[in-house]
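I have placed the structure first, in the form of structure tokens, so that the comments after it can refer back to it.
Derivation of every value follows stated rules applied to the coordinates shown; laboratory data play no part. Since we're looking at a predicted model, the values are computed, not measured. Quick reminder, even Gly has a Cβ in these numbers, built from the backbone with ideal geometry, and neighbours come from all protein chains shown.
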Amino acid sequence: VRLPLPEELRREEEVIEPDGINDNWVRIGEEVTEVLEHKPGELYVRRIVRHKYAVKQALQEQEEPAVRVAALPPLPLPRSNAGPSLLAELLINKYEYHLPFHRQIKMLKQTGV
């Protein structure tokens, strides 16, 4: 099970709307995916917010609503919360600077991740 990302990390929010939404649709919720990213000298969380929409008429008639959600952008590791920039940093540290993974994990723990 993935642990939640620390709350003290800065968050950048990215909102993705599904295609084909007009006045006949109503927003019923959202799905949020958090991905850990890296910029030189900083770790931050990229929040991908995808709004969920349903047809108004189906909601009024108590039918099973047709629900539409935007597709999640492709991620390098689908069931991981490591973003591409963090994975690139880990690989560069491993193969360019010869830092073993256990040292990189220790460095990440010192930053609170």
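What are the chymotrypsin sites (Phe, Trp or Tyr not before Pro) within segment 1-102 that DSSP puts in a loop, where the Cβ has at most 16 other Cβ atoms within 10 Å?
Qualifying residues, ordered by number: 97.
Just from the alpha-carbon atoms, what are the Rg and Dmax of segment 1-111 in angstroms?
18.9, 63
Grab the DSSP H runs of the chain that are 4 residues or longer, score each as -39,500 (n - 2.57), total them, divide by all residues and round the 222 nm result to the nearest 500 deg cm²/dmol.
One gets -6500 deg cm²/dmol as the mean residue ellipticity at 222 nm.
Please work out the ratio of the alpha-carbon Rg of segment 1-50 to 2.2 N^0.38 Å and round it to two decimals.
Relative to the 2.2 N^0.38 Å estimate, segment 1-50 comes out at 1.48.
Give the total of Lys-Lys pairs in the chain with Cα-Cα distances below 27 Å; include a pair only if its members are 8 or more places apart or on different chains.
5
How many nm is it between the label spots at residue 106 and residue 28, if each spot is 7 Å from the Cα in line with the beta carbon?
5.2
Would you work out the charge dipole size for the chain about its Cα centre, treating the Cβ of every Lys and Arg as +1 and the Cβ of every Asp and Glu as -1, and quote it to the nearest 20 debye?
With only Lys, Arg, Asp and Glu charged at Cβ, the dipole is about 640 debye.
Which whole-Hz ³J(HN,Hα) couplings does segment 80-91 yield from phi under the Karplus relation 6.51 cos²θ - 1.76 cosθ + 1.60, θ = phi - 60°, glycine and proline marked x?
Ordered by residue, 3J(HN,Hα) equals 10, 9, 8, x, x, 5, 5, 5, 4, 4, 5, 5 Hz.
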